[in-house]
Amino acid sequence: MGEKVPTREEALKLLHQYFETDSLRKHAYAVEGVMRYIARKRGEDVEKWGIVGLIHDLDYEKFPDQHCGKTREILEKEGWAEEYIRAAVSHGWGICSEVEPQTVLEKTLYAIDELTGLVVTTALIRPSKSVMDVALKSVKNKWKDKRFAAGVDRSIIEKGAAMLGVPLEELIEDTIKGMQEVAESIGLKGVS
């Protein structure tokens, strides 16, 4: 097992190697943006958090039935440091991974992964199709409607917020702000 600290360029190369679907790439960029935003806010390692966010679903498109397990295999083969591998794999805790999030980085990834999907869907129903127009109130209103973004497991988001010891509203607000910073790369800058 290696201890290579990867660069964003190396992470992007892997991402493009394993993801052909535009929507999965956009999801990776969204999670990366939110991870970077929260890391900055908390005084954490922005680069590390961003890279983990970028590659967390690395195996999802090509190996959906082995999600998280294949990511470990791929990153070990690349010689990545265990800290990065463990963080990526921990986001699937209780679903496709036995690795429980322990660090603040891992708990944040666990909490915001699903939440980015809810924010995307909220943005897409706006006339502008822009995350720039999404407010906390909009997401909270849609939160209650279980048919809206039905694939988003709200219990994971709630569990993640509790693990982090932050109010759900703060987590949603941070996710929106992080996604606004990368609006263009995730296709949610909006229509003119």
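Taken together, the values in this text are just the output of simple stated rules run on the coordinates, not laboratory data. Here the structure is a predicted model, which means the values were calculated and not measured. Virtual Cβ from ideal backbone geometry, glycine too; neighbours counted across all protein chains shown.
I'd like the distance between the alpha-carbon centres of segment 1-42 and segment 162-182, rounded to an integer number of Å.
Centre-to-centre distance over Cα atoms comes out at 18 Å.
Using a Förster distance of 22 angstrom, determine the FRET efficiency expected from the C-beta separation of K41 and L136, and round it to 0.05.
0.90
Have a look at L124, L15, L171 and tell me which one the Gaussian network model of the chain (Cα, springs below 10 Å) gives the largest fluctuation.
L124
Between R147 and I125, what is the label-to-label distance in nm when each label sits 7 Å out along the Cα-to-Cβ direction?
1.0 nm
Using Cβ contacts closer than 10 Å as the measure, can you line up T116, T103 from fewest to most?
Ascending number of Cβ neighbours within 10 Å: T103, T116.
How long are the semi-axes of the equivalent ellipsoid of segment 104-192, taking √(5λ) for every eigenvalue λ of the Cα gyration tensor, in whole Å from largest down?
On the way: eigenvalues 91, 42, 21 Å².
Taking √(5λ) for each eigenvalue gives 21, 15, 10 Å, largest first.
List F63, F19 from most exposed to least, where exposure is judged by having the fewest other Cβ atoms within 10 Å. Show your work: numbers first, answer last.
On the way: F63 16, F19 21.
Listed from fewest to most nearby Cβ atoms, that is F63, F19.
Want the number for Q102 to L24: 0.36 nm per residue separation, take away the alpha-carbon distance, what's left? Write out the running numbers ahead of the final one.
Numbers: separation 78, 0.36 × 78 = 28.08 nm, distance 2.57 nm.
Fully extending the segment from Q102 to L24 adds 25.5 nm.
Over the alpha-carbon set of segment 8-181, work out the extent along each principal axis and list the three values in angstrom, largest first.
Extents along the principal axes, in whole Å: 44, 33, 28.
Scanning the chain for trypsin sites (Lys or Arg not before Pro) in DSSP loops with at most 12 other Cβ atoms within 10 Å, what's the longest stretch left with none?
1-143
Measure off 7 Å from each Cα along the Cα-to-Cβ vector at V191 and K62, then give the distance between these two points in nanometres to one decimal.
If labels sit at V191 and K62, their model points lie 3.6 nm apart.
Convert 25 °C to kelvin, take the viscosity as 0.890 mPa s, use the Kirkwood radius over C-alpha pairs of segment 46-87 as Rh, and evaluate the Stokes-Einstein diffusion coefficient in µm²/s, rounded to a whole number.
237 µm²/s
Between H16 and A81, what FRET efficiency comes out of the Förster formula 1/(1 + (r/R0)^6) with R0 = 22 Å and r the beta carbon distance, rounded to 0.05?
After rounding, the FRET efficiency stands at 0.55.
Per q in 0.21, 0.25, 0.26 Å⁻¹, report the Debye log10 I(q)/I(0) for segment 140-185, using one uniform scatterer on each alpha carbon and no solvent.
Results for segment 140-185 at q = 0.21, 0.25, 0.26 Å⁻¹ read -0.83, -1.01, -1.04.
What list do you get for S23, S97 if you sort them by fewest beta carbons within 10 Å?
Details: S23 12, S97 19.
Neighbour counts put them in this order, fewest first: S23, S97.
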